[in-house]
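Participant: This structure is in structure tokens; I'll ask about it shortly.
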Amino acid sequence: MTTAGATTGREVLRRAIAGQRRPVLLATLLAAGHQGGEALVPVVIGVVLDRAVADSSALTLVGWLAVLAVVFLVLSTSYRFGARAAERASVRSAHEIRLALSRRVLHPRGGAETGALAGELASVGVSDARRVGRVNAAIPLGVAGLSGLVVSAVVLLRMSVPLGLLVLLGTPPLLFLAHLIGKPLEKRSAVEQERAAHASGVAADLVSGLRVLKGIGAEPTAVARYRRTSQKSLFATVRAARAQAWHNGALLALTGIFIAVVALVGGSLAAAGDMTVGDLVAAVGLAQYLQSPFLIFSGVNGQLAQGRASAARVATVLNAPLAVPGGDAALPSPPTGRVELSQVSHGKLRGLDLTAAPGELLGVVTADPAAATDLLDCLGRFTDPAHGTVRIDSVDLSTVDPVRVREAVLVAAHDADLFEGTLEENVRGGTARLPEGVLAAAAADEVAEALPQGTATAVTERGRSLSGGQRQRVALARALATDTPVLVLHDPTTAVDTVTEARIAAGVAQVRRARTTILVTTSPALLAAADRVVLLEDGQVSAEGSHAELVRDQAAYRAAVLS
């Protein structure tokens with residue numbers, strides 16, 4: 001199951017080019033004008049020698065020098081504006097690809113992140129998108145190089161049919177050899193990008209968990225892991241660089257041989273009297289000029305090889321299977337918030353039956369973190385259970401579009417990220433104003449009081465300017481501010497002290513009164529504020545009651561909550 005049919009790397013390239021056809025066409029015409037002008041320069045110089053210098057005519061000399069000046073003016077202007085148009089097409093195309101990747105990664109039905117680190121997806125969105133975009137800059141250059149060759153061949157045909165045929169017939173095999181030489185580069189470029197993306201993903205993963213790693217003393221293990229990943233990336237990069245060097249060197253050698261042959265044939269024809277002095281100068285100048293389009297072909301071929309490899313990686317993300325299907329069923333408006341799980345089996349959950357009444361504050365305790373994660377995924381419809389059903393107000397969530405589900409159910413993870421902006425903006429989210437009482441309920445008012453500008457204080461990326469406990473309280477306030485009919489909180493107080501935790505427990509109970517709230521936690525303070533608590537063992541409900549009752553009667557509960 002994919003978003004809208006399979007997308008191949010070839011299709012990614014086609015769309016990237018078609019989406020920028022106007023600037024690409026403009027850049028191609030201007031670049032062709034530049035290269036055509038470059039090819040005409042030695043021709044005009046040859047004419048000057050034959051007609052002006054040989055005839056000793058000052059007027060003719062001035063006239064042809066003016067022609068030469070016009071040629072230089074045209075080719076320089078064409079280069080300037082052609083390069084600008086090509087760069088615009090390249091940047092815009094890369095931007096469109098990043099938007100497409102962002103839409104896929106952020107798709108409500110998920111799936112793009114499965115089996116991929118966040119840094120890997122970021123690498124595809126940055127590096128690979130840029131390489132695909134650069135194809136729009138490579139195409140005008142390639143066409144310009146061909147234009148220069150055509151102009152050179154036509155001029156050489158007028159001077160000498162054998163010389164012109166040599167260029168015309170020798171160029172296609174040379175281009176085919178260039179294509180074959182680029183194949184190893186394309187393969188190694190794909191491996192290089194894959195390894196680099198994985199290294200970026202591991203680095204981002206380690207940085208985000210740096211405090212945890214320091215807390216458990218796992219820095220040496222983390223460093224060793226990244227070193228291994230980085231060395232693999234380095235090895236792939238070196239191999240790709242070697243392929244690039246071999247590619248460029250081989251093409252340079254081929255073009256050098258070809259140019260030498262053209263110059264040798266032209267010199268032989270001049271020595272035999274079949275060409276004038278001016279024609280010989282023009283032929284030698286064109287032979288030297290031919291190095292320019294062939295160098296262009298070398299660079300373009302390398303960019304196309306890298307672009308094809310990156311387009312395939314982009315297509316892999318775009319084709320990632322969706323995690324859940326859509327749905328056209330509708331939830332009641334507004335939902336009462338009754339939650340029912342019937343015989344749900346998914347991951348660590350085994351035939352789970354669980355109900356939360358409308359407006360109930362329900363505590364869920366499990367000693368297995370994986371079971372908690374599986375429960376959260378099912379409640380938020382990030383996945384559908386393998387067996388059983390999850391219902392809100394008797395409506396099966398698997399029949400409801402995920403966007404509609406998340407309007408009624410918010411699953412707030414304990415490690416939720418904050419964003420750049422003020423503290424108030426982070427809490428408000430999409431609401432017009434800051435809801436009353438949510439800062440106090442999450443004890444985030446203390447965070448605001450400790451900051452120099454209160455709620456107007458700027459928060460850096462991922463909230464790194466705040467401590468772990470401050471970030472957690474601000475994230476909790478943001479979750480409470482949504483005021484959704486069903487709110488699922490996962491360990492919202494793991495980084496705060498016990499006094500603050502007790503205050504938060506009372507605040508959540510107060511703010512969420514008459515709204516269904518499910519607390520997946522082992523915090524005694526939060527569980528004590530719950531209307532009812534259930535204990536999960538082996539993926540099933542093994543006991544339920546108040547916090548005090550379960551502490552008194554259930555050894556497994558005491559072990560999970562009090563140890």
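Please treat every number below as a calculation from the coordinates, not as lab data. Everything numeric here is computed off the predicted structure, so don't read it as measured data. Positions of Cβ are generated from backbone atoms using ideal geometry, with glycine treated the same way; all protein chains shown enter the neighbour counts.
Participant: Over the chain, what relative contact order in percent results from Cα pairs under 8 Å that are six or more residues apart?
Facilitator: Rounded, it is 16 percent for the chain.
Participant: Which whole-Hz couplings ³J(HN,Hα) result when phi for each residue of the stretch 314-330 is put into the Karplus expression 6.51 cos²θ - 1.76 cosθ + 1.60, θ = phi - 60°, listed in order with x for Gly and Pro?
Facilitator: Here the 3J(HN,Hα) series is 4, 4, 4, 5, 5, 8, 4, x, 5, 6, 9, x, x, x, 10, 6, 10 Hz.
Participant: Which of the three applies to the stretch 244-366, rounded, prolate or oblate, going by the alpha-carbon gyration tensor with a ≥ b ≥ c and a/c under 1.5 meaning rounded?
Facilitator: The shape class here is prolate.
Participant: Taking the beta-carbon count within 10 Å as an exposure proxy, list H95, H107, H547 from fewest neighbours to most.
Facilitator: Taking fewest neighbouring Cβ atoms as first place, the list is H95, H107, H547.
Participant: Now, a different point. Dipole of the chain, Cα-centred, from +1 at each Lys and Arg C-beta and -1 at each Asp and Glu C-beta, to the nearest 20 debye?
Facilitator: For this selection, approximately 1620 debye.
Participant: Pick out, in residue order, every one of the GluC sites (Glu not before Pro) in the stretch 411-490 that is DSSP loop and has at most 16 other C-beta atoms within 10 Å; say none if there are none.
Facilitator: Filter output for the stretch 411-490: E420, E436.
Participant: Given the C-alpha centroids of the stretch 90-149 and the stretch 290-353, what is the distance between them in whole angstrom?
Facilitator: 15 Å
Participant: Taking +1 at the Cβ of each Lys and Arg and -1 at the Cβ of each Asp and Glu, which of V12, I504, A408 sits farthest along the dipole of the chain towards its positive end, judged by Cα position relative to the Cα centre?
Facilitator: V12
Participant: Treat each spin label as a single point 7 Å out from the Cα along the C-beta direction, and report the S342 to I257 distance in nm.
Facilitator: 7.7 nm
Participant: Between the stretch 385-433 and the stretch 469-495, what is the separation of their alpha carbon centroids in Å?
Facilitator: Cα centres, the stretch 385-433 to the stretch 469-495: 12 Å.
Participant: Would you pull out the residues with amide H under 5 Å of G110's amide H, same chain only if 5 or more places away, H placed 1.01 Å from N?
Facilitator: Excluding prolines and chain starts, which carry no amide H, the hits are A323.
Participant: What ranking do M275, M159 get, fewest neighbouring Cβ atoms within 10 angstrom at the top?
Facilitator: Listed from fewest to most nearby Cβ atoms, that is M275, M159.
Participant: Considering only the chain, what is the antiparallel percent among its DSSP beta bridges, to the nearest 5?
Facilitator: Beta bridges within the chain, antiparallel portion: roughly 50 percent.
Participant: Follow-up question, since we're still on this one. Please list, ordered by chain and number, the residues whose modelled amide H lies under 5 Å from the amide H of R532; skip anything fewer than 5 residues away on the same chain.
Facilitator: The answer is L361, G363.
Participant: Follow-up question, since we're still on this one. Residue by residue through the stretch 18-30, what is 3J(HN,Hα) from phi via Karplus (6.51 cos²θ - 1.76 cosθ + 1.60, θ = phi - 60°)? Round to whole Hz and write x for glycine and proline.
Facilitator: Once θ is set to phi - 60°, the couplings for the stretch 18-30 become 4, x, 10, 5, 5, x, 5, 5, 4, 4, 5, 5, 5 Hz.
Participant: Whose amide H sits under 5 Å from the amide H of I518, counting only residues 5 or more places off or on another chain, with H placed in the peptide plane?
Facilitator: L362, L487, V488, L489
Participant: To make sure I understand, if each residue's beta carbon is the centre and we count other beta carbons within 10 Å, what order do F382, F81, F294, F176 fall in, fewest to most?
Facilitator: Taking fewest neighbouring Cβ atoms as first place, the list is F176, F81, F382, F294.
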